[in-house]
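Just below is one structure, and these are the notes that go with it.
The values are calculated or read from the model by the stated rules, or taken from the named source; none is laboratory data. Not measured: the values here are computed from a predicted model. Every residue, glycine among them, receives a Cβ derived from its backbone with ideal geometry; neighbour counts consider all protein chains shown.
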Amino acid sequence: MPHLLKQPLIASMLATLSGPVFAHSFGRLYTLPVPLWLYLYAAVATLLISFLVIGLLATQASPSAPRSYAANWLSKLAMPLRPALRGLSVGLLLLCVVTGIWGVQDPYRNFNMTFFWIIFVLGIAYLSAFVGNFYEVLNPWRVIGDAFGRLFEGRWQYPRWLGYWPAVLLFKGFIWIELFSLTRPEALAKYLIIYSAITFTGMACFGRDAWLRYGEFFAVFLRLIALASPLYYTPKQGLRWRPPFAGLQQERAEHLSLVVFILFMLSATAFDGLRGTVPWYRLFWTDPYGLIYGWLGKTPIHAFVELRPFYLAYETLCLFISPWLYLLVFAVFVWLGKLVTGSKTPLLTLLGDFGFSLIPIALVYHITHYYTLLLSQGVKIVSLMSDPFGWGWDLFGTAQLWRAPILPDMGTVWHTQVALILIGHVVSVYLAHQQALRSFGTARAALLSQVPMLVLMVLFTTAGLWILAQPIQG
């Protein structure tokens, strides 16, 4: 290829452009015990066997409202703590703002960076997958909205056509900030103020319930994740048990925007992993077709300063169109299932029906890419609670505790990631088959319809494992 950079230059460039891939491997290299293709073959074989077993044994759809068992002791424990926890939620939001503005600007010494990015964005999401949608009750913006009820009753009815598009737009903005913005404590505090202003404006215009359902993207994201939980909460019955992932069979995506939101949960995580790989950088910076050389008269590495804004725009475009590319692929495979069964159900309806079957994949992708951050940086929240501003305080006597990251064995990390990805895809195969039984009526039609979906799951699995393996193979 013309103007291909020499390997030392590529290595130097990658070291300049990207920091250690902490989300995958803490920046350490790990040699896979067997070639990657063996893992891929094993994963595909697992999916095929699971598909056959599910297709042969699951010939009737399970009830859409699965049996649940009361967890009275949890309800009794949670209710007395509810007012205090709601107050704590608002207090933590305010603390993130004030520490960001007046605390030290070292991201590792300021409370707001670790608490927001690690404990809230990651920890609360993973906890919701196990204990249910407690965020619906503890959402700090809801708590404030409830306190000023008349102010946030809404002036207009929320437009039905608008759906979840505000949440999709805000979700994209959040991921852009996470990936591309040089977010320091003060910047994070300002972002939280801006987001709070948007949320309060939305609640004032359309009512707090409507905006928190359709516009507040944290609420949408955590509500979807919580459907995987074996626990769920209702105001009348309290906390109740159900089989894991059963909640995903109880609802459907009632609007295309919610399908796009779910697909962005997938594509954003995949994009974050992909942009940390050598092939991704080579695609732009080695100029394989000589376009940049013909334009600037020099190789990309020698035009780094001029090209950096274009590279940012290029990555931003790829991020923003990623859910639409996923939607196109998803729609093609759902349409193929519709075609082989001769179903008269509109494609848009089927997209809504099958959209929730992708949530287990989105969940395990998120966990496998980021859970190690809870160990490397999340544990530091114990010391930061005693010194939230980074001023040298020791309020609770924990300032010197757990300051060093926990770095697990990379072999354990990799095999945990493989197992989680397989589990997520197998669960999605099962949920898609259950939905096919409801959508297409007969066991034979359901099995036929799921052959294209199986191909899609195989593509997702192999792509996910390949992306995860890139940063740790060197």
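Structure summary
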| item | result |
| --- | --- |
| Thr286 modelled with pLDDT under 90 and at negative phi | yes |
| Inter-residue pairs, beta-carbon under 9 Å, first in the same structural domain as Leu456 (by TED's automatic domain parsing) and under 27 Å from Ala362 (Cα atoms) and in the stretch 302-328, second at pLDDT below 90 and not in a helix (DSSP H, G or I), 6+ apart | Glu315/Arg275; Cys318/Arg275; Leu319/Arg275 |
| Residue check, Ala404 of a type in the set (Gly, Ala, Ser) and not in a loop (DSSP other than H, G, I, E, B) | no |
| In the stretch 76-110, the residues that are surrounded by 15 or more Cβ atoms within 10 Å (Cβ to Cβ) and in contact with a Gly (Cβ under 7 Å, 6 or more places away or on another chain) | Gly103, Val104, Arg109, Asn110 |
| Any chance Ala189 is aliphatic (A, V, I, L, M), in the same structural domain as Phe116 (by TED's automatic domain parsing), crowded, with 20+ Cβ neighbours inside 10 Å and within 25 Å of Val334 (Cβ to Cβ) | no |
| Entirely in the stretch 239-333, the helices (runs of 4 or more DSSP H) that have 2 or more residues that are under 20 Å from the mean Cα position of the chain (by Cα) | 256-274 |
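For (1) on the phi < 0 side of the Ramachandran plot; (2) buried (at least 16 other Cβ atoms within 10 Å of the Cβ); (3) not aliphatic (A, V, I, L, M), each residue gets a yes or a no:
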| site | (1), (2), (3) |
| --- | --- |
| Leu312 | yes, no, no |
| Leu317 | yes, no, no |
| Pro346 | yes, no, yes |
| Pro360 | yes, yes, yes |
| Ala399 | yes, yes, no |
| Ala419 | yes, no, no |
